[in-house]
Amino acid sequence: MKRNMLFLRSFMILVLSCIAIKINLCFPNILSSLKTLPIDGHFNFEQLHHAAKDFGNRYSFLPLAVLHPNSVSDIATIVKHIWQMGPGSDLTVAARGHGHSLQGQAQAHGGIVINMKSLQGLKMQFHIGNLPYVDVSGGELWINILREGLKHGLAPKSWTDYLHLTVGGTLSNAGISGQAFRHGPQISNVHQLEVVTGKGEVVTCSGKQNSDLFHGVLGGLGQFGIITRARISLEPAPEMVKWIRVLYTDFATFIRDQEELISGESTFDYVEGFVIINRTGLLNNWRSSFNPQDPVQASKFKSDGRTLFCLELAKYFNRDETAVVNREIHSSLSQLNHIPSTLFVSEVPYIEFLDRVHISEIKLRSKGLWEVPHPWLNLLVPRSKIQTFAQQVFGNILTDTSNGPILIYPVNKSKWDNRTSVVTPDEDVFYLVAFLSSAVPSSTGTDGLDHILIQNKRILEFCEIARLGVKQYLPHYSTQGEWKAHFGSRWEVFVRRKSSYDPLAILAPGQRIFQKAVPYSQ
């Protein structure tokens with residue numbers, strides 16, 4: 001027995017030594033081959049910790065190197081180099097924009113991370129005409145597009161709530177905000193893309209040219225290509241925004257009003273809702289930026305720790321339209337069933353409204369509360385199941401408090417293109433429900449990471465057991481079987497596209513959908 005143990009230990013030491021020797025032999029070869037590539041930008045092989053970090057602040061995988069490209073050609077060169085190395089190489093590539101991923105999706109363990117913000121210097125090209133658009137780098141931030149667009153009196157139609165994200169990042173997911181009920185997500189407002197595939201090919205694609213790649217990349221989680229340029233649809237930009245909040249105590253009334261607002265020709269340009277669990281002093285918090293329409297009645301309103309539902313609305317307008325807009329808003333609000341004393345209105349410039357989350361970011365950063373774990377959970381819930389979902393989640397699972405905003409608002413499926421890679425519920429209207437939690441580091445209480453993760457797990461388990469037909473937005477799974485279930489009947493299309501455009505599974509390893517050199521299962 002003792003002899004067998006000694007033999008086993010010696011064998012394991014030999015195996016580990018061989019692996020170590022192989023790694024030590026391979027790494028210099030790989031590094032030297034990267035250093036000889038003809039690129040305009042540069043590699044960083046030492047300061048890598050930044051590329052192993054993201055907004056989720058839960059996963060950290062060190063890459064072998066970070067590429068700072070000066071051109072699209074740089075990206076194509078590195079991907080093609082790895083493609084030509086064949087399936088024997090373990091190298092993978094992840095495109096990293098602003099690092100706002102939640103689960104390490106933009107990381108590449110032992111691979112190459114491409115710093116897409118290095119492409120921000122590429123000049124935006126605005127086309128002014130009946131159907132205006134702008135050509136931008138995939139590494140450009142949406143806030144910069146807004147600032148430049150306003151100089152031309154133009155702006156994109158669809159946004160995310162946070163604008164300090166890259167074009168390639170949001171288009172690889174969907175890009176959803178309160179405008180989605182009218183204009184669809186950001187991926188519904190793209191005319192053309194330039195993409196570097198997993199073979200290192202630079203391909204221009206659109207709905208008519210290389211359309212399979214175009215639709216696959218939109219919402220494709222980075223699996224089929226790296227978005228290096230996008231042509232974004234624009235519209236005339238308004239000057240001002242009427243920003244409105246009203247409260248509800250009854251969930252059924254709250255969602256009925258939301259669904260009415262997104263049907264037909266709504267007066268409002270933006271419709272979102274959020275859930276307020278066990279919060280006191282709410283109205284006092286709003287008074288710094290919102291004015292109660294009836295200060296006396298508003299002061300009498302007491303939340304008493306109840307779960308409240310807030311409807312947030314915005315109407316865009318130019319200053320010379322103020323009188324007409326005020327009448328339209330008054331007429332629309334009179335048809336809602338909110339608590340009258342909780343009507344709060346603010347009037348702000350368009351850019352201030354769209355960039356509102358960044359203002360909160362600055363405050364949180366100053367308090368050291370921004371770079372904490374963010375165990376977010378984003379769900380798409382069918383309209384027919386939202387009442388059941390809310391009753392269990394807001395009534396039983398989240399009873400004490402919430403550790404961050406909880407968004408809930410409906411969107412119209414007709415505004416989404418089912419040829420893209422995004423998976424949505426099979427109903428004409430579905431809700432985005434986003435639990436945007438922040439965890440307090442080292443806390444073991446209800447604001448700690450473990451507690452929030454357990455709550456998220458309970459929510460997902462309930463959705464599964466109750467068969468609500470819920471789909472995750474910004475999905476994260478640990479096994480290919482779970483991904484297969486997520487995509488459902490569209491899994492075969494997803495696998496076919498992977499096989500066509502990234503057959504060695506070089507791209508976006510952090511999504512953990514495909515493993516390099518492992519055959520895909522149909």
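What the table shows:
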| quantity | calculated |
| --- | --- |
| Restricting region 85-132 to trypsin sites (Lys or Arg not before Pro) in coil, as DSSP defines it, with at most 15 other Cβ within 10 Å | LYS123 |
| Rh by Kirkwood over Cα pairs, then Stokes-Einstein D for region 362-477 at 1.306 mPa s and 10 °C, µm²/s | 104 |
| Relative contact order (%) - criterion: Cα under 8 Å, at least six apart; region: the chain | 16 |
| Rounded to 10°, Cα long-axis angle of helix 2-35 versus longest principal axis of the chain | 70 |
| Relative counts (whole %) of C-alpha pair distances in region 25-164, using bins that are 10 Å wide | 11, 36, 30, 17, 6, 1 |
| Relative contact order of region 125-237, pairs being alpha-carbon contacts under 8 Å that are 6 or more residues apart, as % | 34 |
| Chymotrypsin sites (Phe, Trp or Tyr not before Pro) within region 23-125, DSSP loop, no more than 15 other Cβ atoms inside 10 Å | PHE45 |
| Largest-first principal axis extents of the Cα set of region 470-522 (Å) | 31, 22, 15 |
| Angle in degrees between helix 491-501 and the longest Cα principal axis of the chain, rounded to the nearest 10 | 50 |
| Calculated on alpha-carbon atoms, Rg and Dmax of region 79-135 in Å | 16.5, 52 |
| Residue order for TRP142, TRP376 - accessible surface, 1.4 angstrom probe, largest first | TRP376, TRP142 |
| Viscosity 1.002 mPa s, 20 °C: Kirkwood-radius Stokes-Einstein D of region 125-237 over Cα pairs, µm²/s | 155 |
| Square roots of five times the Cα gyration tensor eigenvalues for region 304-366, Å | 25, 22, 7 |
| Per residue value of the accessible surface for region 399-522 (all protein chains in place, 1.4 Å probe), Å² | 48 |
| Within the chain, longest stretch free of exposed GluC sites (Glu not before Pro) [DSSP loop, at most 13 other beta carbons within 10 Å] | 47-264 |
| Entries in LYS53/LYS117; LYS208/LYS484; LYS35/LYS516 that, when Cα-Cα distance is taken, lie over 27 Å | LYS208/LYS484 |
| Kirkwood Rh (inverse of mean 1/r, distinct Cα pairs), region 287-392, angstrom | 17.6 |
| Of LYS471/LYS498; LYS157/LYS242; LYS242/LYS385; LYS315/LYS413, those spanning more than 27 Å from alpha-carbon to alpha-carbon | LYS242/LYS385 |
| Normalised per residue, the volume of the convex hull around the Cα set of the chain (Å³) | 176 |
| Where region 125-237 is the region considered: accessible area per residue in Å², 1.4 Å probe | 30 |
| Sites matching trypsin sites (Lys or Arg not before Pro) across region 188-282 that sit in DSSP coil, with at most 15 neighbouring C-beta atoms within 10 Å | LYS208, ARG279 |
| Angle between the chain longest axis and helix 356-366 axis [Cα atoms, degrees, rounded to 10] | 60 |
| Convex hull of Cα atoms in region 240-472, direction-averaged projection (nm²) | 14.0 |
| Solvent-accessible surface ranking, highest first, for HIS183, HIS374 at 1.4 angstrom | HIS183, HIS374 |
| Ranking by accessible area, most exposed first, for PHE126, PHE389 with a 1.4 Å probe | PHE126, PHE389 |
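The values are calculated or read from the model by the stated rules, or taken from the named source; none is laboratory data. These numbers come from a predicted model, not from an experiment. Note that we place each Cβ from the backbone using ideal geometry, even for glycine, and neighbour counts take in every protein chain shown. Protein only, heavy atoms only, side chains kept; ligands, DNA and RNA dropped before computing areas. Shrake-Rupley method; radii C 1.70, N 1.55, O 1.52, S 1.80 Å.
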